[in-house]
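Enquirer: Input: one structure, supplied below.
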Amino acid sequence: MEEVFYRTVYEIEKTHWWCVARQRIVEDVIDRRIKLPPRARVLDVGCGSGAVLEALSARFEAYGTDTSRLAIDLSHQRGLTNAFCCTLETFPHPEFRFDLITLLDVIEHVDDDLGVLKEAHRYLKPGGWALVTVPAYEFLWGPHDVVNHHKRRYARPGLRRVLEATGFEVRRLSYFNTILFPAALVAWAAERLLGVGADPRPSVPPAPLNSLLTAVFSSEKYLLRGLALPYGLSILALARRPP
């Protein structure tokens, strides 16, 4: 199942509404909140098959890690030679320090989220940034979490606690994927009541619906410029290693 999942994501992550919109939101946060200099050194932890790493590499000196050999092979197929199959503890350039480390839907996959964040903190330059996204609300646990080997989902206070426990200063903490939250909650409730669920493997909806969902979710980048959204399907945290 894991191989099918990674290959499916590789094929669709540049078109699927969730992947495209999340990337637009992440790039907007980087541009407006961090304002990295050209060719800043960036590390994408848990880079998967490489769509986000590819976008980062077009602007920065970007590196990626993932513990899946298949994911790194797929990243290499995109021409991303700076993608390595390793953990942060075994990263092949221990001397590097980064301006930004992204952990996009990563720490929910590991038993020791605190340990991963500590390693990320160590690899940052003083004053460097970490951008973290995670799935929200334990009560929304479902087949998607099982297929993705999630260990947990988060609430905003819990994510703040683990970030601050590892020495980060939390500068921005907000739920997102908020506009679509009511529809997702209805689908979740129907799944529980009827005892059936959608296929958890990712697939691209029909083009008109995919375009609509992309536009709706992407529009939240404008809200996130000035607001901390009170609920949503995911959480975004922007944290800094003290100078």
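The values are calculated or read from the model by the stated rules, or taken from the named source; none is laboratory data. This structure is a prediction, so every number in the text was calculated from the model and none was measured. Using ideal geometry, Cβ is built from the backbone for each residue, glycine included, and neighbour counts are taken over all protein chains shown. SASA here: full protein model, heavy atoms, side chains in, ligands and nucleic acids out. Shrake-Rupley method; radii C 1.70, N 1.55, O 1.52, S 1.80 Å.
Enquirer: Yes or no: residue 99 under 19 Å from residue 12 (Cα atoms) and over 16 Å from the mean Cα position of the chain (by Cα)?
Expert: Here the answer is no, as residue 99 does not meet what is asked.
Enquirer: How many residues are free of Cβ contacts under 8 Å to residues at least 40 places away in the same chain, hydrophobic (A, V, I, L, M, F, W, C) and either part of a loop (DSSP other than H, G, I, E, B) or farther than 19 Å from residue 54 by Cα (or both) if we restrict to the stretch 76-90?
Expert: Number satisfying all stated conditions: 2.
Enquirer: Here's something else I'd like to know. Check the stretch 51-64 and report whether any residue there is among the hydrophobic types (A, V, I, L, M, F, W, C), out of contact with any strand residue (DSSP E or B) (no Cβ under 9 Å at 6 or more places or on another chain) and free of Cβ contacts under 8 Å to residues at least 24 places away in the same chain.
Expert: yes
Enquirer: Find the residue count for the stretch 68-92, including only residues that are of a type in the set (Gly, Ala, Ser) and either open to solvent by 30 Å² or more (accessible area, probe 1.4 Å) or over 26 Å from residue 4 (Cα atoms) (or both).
Expert: 1
Enquirer: With respect to residue 28, determine if the residue is out of contact with any strand residue (DSSP E or B) (no Cβ under 9 Å at 6 or more places or on another chain) and either closer than 28 Å to residue 217 by Cβ or open to solvent by less than 50 Å² (accessible area, probe 1.4 Å) (or both).
Expert: yes
Enquirer: Now for a separate question. Can you run down the residue pairs with Cβ atoms below 9 Å, 6 or more apart or on separate chains, where the first is in the stretch 116-141 and closer than 11 Å to residue 103 by Cβ and the partner is buried (at least 22 other Cβ atoms within 10 Å of the Cβ) and at pLDDT below 95?
Expert: none
Enquirer: Look at the stretch 108-133 and say how many of its residues are acidic (Asp, Glu) and over 22 Å from residue 175 (Cβ atoms).
Expert: Residues flagged as acidic (Asp, Glu) and over 22 Å from residue 175 (Cβ atoms) within the stretch 108-133 amount to 3.
Enquirer: A follow-up question, please. Looking at the stretch 200-210, which of its residues are assigned to a loop (DSSP other than H, G, I, E, B), open to solvent by less than 80 Å² (accessible area, probe 1.4 Å) and either at pLDDT below 80 or of a type in the set (Gly, Ala, Ser) (or both)?
Expert: The answer is 200, 202, 203.
Enquirer: May I pose another question? Tally the residues that are under 23 Å from residue 34 (Cβ atoms), open to solvent by 10 Å² or more (accessible area, probe 1.4 Å) and among the polar types (S, T, N, Q), restricting the search to the stretch 57-67.
Expert: Within the stretch 57-67, residues that are under 23 Å from residue 34 (Cβ atoms), open to solvent by 10 Å² or more (accessible area, probe 1.4 Å) and among the polar types (S, T, N, Q) number 1.
Enquirer: Right, residue 105: within 15 Å of the chain's Cα centre (by Cα) and at positive phi or not?
Expert: yes
Enquirer: Could you figure out which of (1) more than 18 Å from residue 48 (Cα to Cα); (2) open to solvent by less than 50 Å² (accessible area, probe 1.4 Å); (3) part of a loop (DSSP other than H, G, I, E, B) isn't true of residue 95?
Expert: Condition (2) is where residue 95 drops out.
Enquirer: Please go through the stretch 211-228 and give me each residue that is surrounded by fewer than 18 Cβ atoms within 10 Å (Cβ to Cβ) and either among the charged types (D, E, K, R) or not in a helix (DSSP H, G or I) (or both), ordered by number.
Expert: Answer for the stretch 211-228, where residues must be surrounded by fewer than 18 Cβ atoms within 10 Å (Cβ to Cβ) and either among the charged types (D, E, K, R) or not in a helix (DSSP H, G or I) (or both): 219, 225, 226, 227, 228.
Enquirer: Also: Would you please name the residue that is surrounded by the most Cβ atoms within 10 Å (Cβ to Cβ), looking only at residues in the stretch 40-56 that are touching a Lys or Arg at 6+ places or on another chain (Cβ under 9 Å) and at negative phi?
Expert: Across the stretch 40-56, the extreme among qualifying residues is 49.
Enquirer: Just to confirm my filter: which helices (runs of 4 or more DSSP H) fall fully inside the stretch 1-65 and include at least 1 residues that are of a type in the set (Ser, Thr, Tyr) and under 18 Å from residue 105 (Cβ atoms)?
Expert: In the stretch 1-65, 2-12 are the helices (runs of 4 or more DSSP H) which contain 1 or more residues that are of a type in the set (Ser, Thr, Tyr) and under 18 Å from residue 105 (Cβ atoms).
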